[in-house]
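Please read the structure below before turning to the comments.
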Amino acid sequence: MVTDAFTRLARHYDDLMASVPYPMWVDYLERLLDCHGRRGQRVLDLATGTGSVALILARHGYQVTGVDISAPMLEQAAAKSAREGLPIDWVHQDLTQLDLPAGAWDWACCLYDSLNYVIGEGGLARACQGTSRALRQGGLFIFDLNTPYCFERELFTQHHTVPTAKVRYRWRSHYDPARRLARVDMVFWTEEGEFRETHYQRAYQDQELEQALAGSGCHLLARYEAYTLLPSGPASDRIFYVAEKLADPVEQTAVCTTRKQTFVRAKARLRPAGMPPRPLLCPTALNQLGQRLPVHADR
């Protein structure tokens with residue numbers, strides 16, 4: 001994991017994401033849960049960041065635990081939940097080194113393309129193993145990933161420099177297809193001045209993702225085009241995955257190789273009026289829930 005990617009950015013993160021419709025994201029998670037016949041009140045929000053999704057889940061009545069590797073981000077999250085009096089547990093841990101109570105959660109989510117930030121050898125497998133241990137049998141793991149297509153198109157290369165914005169930025173993406181590694185050089189301007197961060201993400205192939213899940217005692221139920229109930233395709237820049245923790249891990253390999261994946265096909269995409277941009281995610285996924293919109297007028 002890259003441990004210093006959200007340091008100075010942490011205290012400006014919510015300003016950067018001020019236009020993001022987080023309630024729509026939670027609605028989408030609940031739609032996926034319903035499609036697969038699962039709910040459950042105990043939720044593990046992995047890579048929770050400043051806790052925006054965790055707070056909404058808590059307002060909906062879920063018992064939420066938020067986990068993140070960035071202490072500065074968790075400080076922001078804890079301050080927000082304290083102001084609202086929401087009983088959320090915040091845990092400072094690395095996704096690849098999770099040490100959580102076994103079987104304590106009904107379902108888990110990992111959003112914001114956070115698993116793409118797991119770039120070390122074997123890191124994805126360890127993240128899946130830690131998550132699986134934390135889930136009860138039959139629990140669901142919902143997560144999203146930026147695809148190789150996203151990185152090949154260098155969709156992270158973007159800017160937002162409107163003078164009135166609280167946080168302005170300019171990003172330049174560099175993708176190495178041989179290593180399947182993207183480097184994004186970021187410059188930010190705030191009222192405190194200029195600062196820079198470099199973020200790295202790895203493009204995962206379906207085969208290694210399925211192997212990581214199978215090795216953790218989970219199997220993949222479905223892949224969705226982001227923010228829709230349609231199956232993903234070769235031009236998908238972001239995919240949502242739904243995996244299930246198997247009741248009998250000993251039989252995981254047989255089940256994973258023989259069970260047909262179930263795709264819930266909707267008659268139409270979910271089409272809200274519009275989705276404002278959310279930096280730190282691929283821009284073509286940021287601005288739509290099934291609908292393409294420009295990232296910024298000045299792009």
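Taken together, the values in this text are just the output of simple stated rules run on the coordinates, not laboratory data. Computed from a predicted structure; not experimentally measured. Positions of Cβ are backbone-derived with ideal geometry, glycine not excepted, and every protein chain shown enters the neighbour counts.
In this structure the amide hydrogen of residue 63, modeled in the peptide plane, comes within under 5 Å of the amide hydrogens of 42, 43, none closer than 5 places in sequence on its chain. A simple count of charges around residue 93, restricted to other residues whose Cβ falls under 14 Å of its Cβ and scoring Lys, Arg +1 and Asp, Glu -1, yields -3.
A simple spin-label model places the labels of residue 164 and residue 189 1.6 nm from each other, with each point 7 Å out along Cα-to-Cβ. Taking the Cβ of residue 167 as the center, what net charge do the other residues with Cβ under 10 Å away carry, scoring Lys and Arg +1 and Asp and Glu -1? Taking every other residue near residue 167 into account, the sum is -1. Rounded to the nearest 20, the size of the Cβ-charge dipole of the range 1-82 about its Cα centre is 220 debye, with Lys and Arg at +1 and Asp and Glu at -1. Remark: the range 198-215, residue by residue, has Karplus-estimated 3J(HN,Hα) of 10, 10, 10, 9, 10, 8, 9, 8, 4, 4, 6, 5, 5, 5, 5, 5, 4, x Hz, where x stands for each Gly or Pro and the curve is 6.51 cos²θ - 1.76 cosθ + 1.60 at θ = phi - 60°.
Each of 171, 205, 228 was scored by the projection of its Cα onto the charge dipole of the range 139-233, and the greatest displacement toward the positive side belongs to 171; charges sit on the C-beta of Lys, Arg, Asp and Glu. When +1 charges are put on Lys and Arg Cβ atoms and -1 charges on Asp and Glu Cβ atoms, the dipole computed for the range 1-138 relative to its Cα centre reaches about 320 debye. Separation of the range 81-118 from the range 13-30 is 17 Å, based on Cα centroids. Going by neighbour counts of Cβ atoms within 10 Å, the residues 19, 173 line up, fewest first, as 19, 173.
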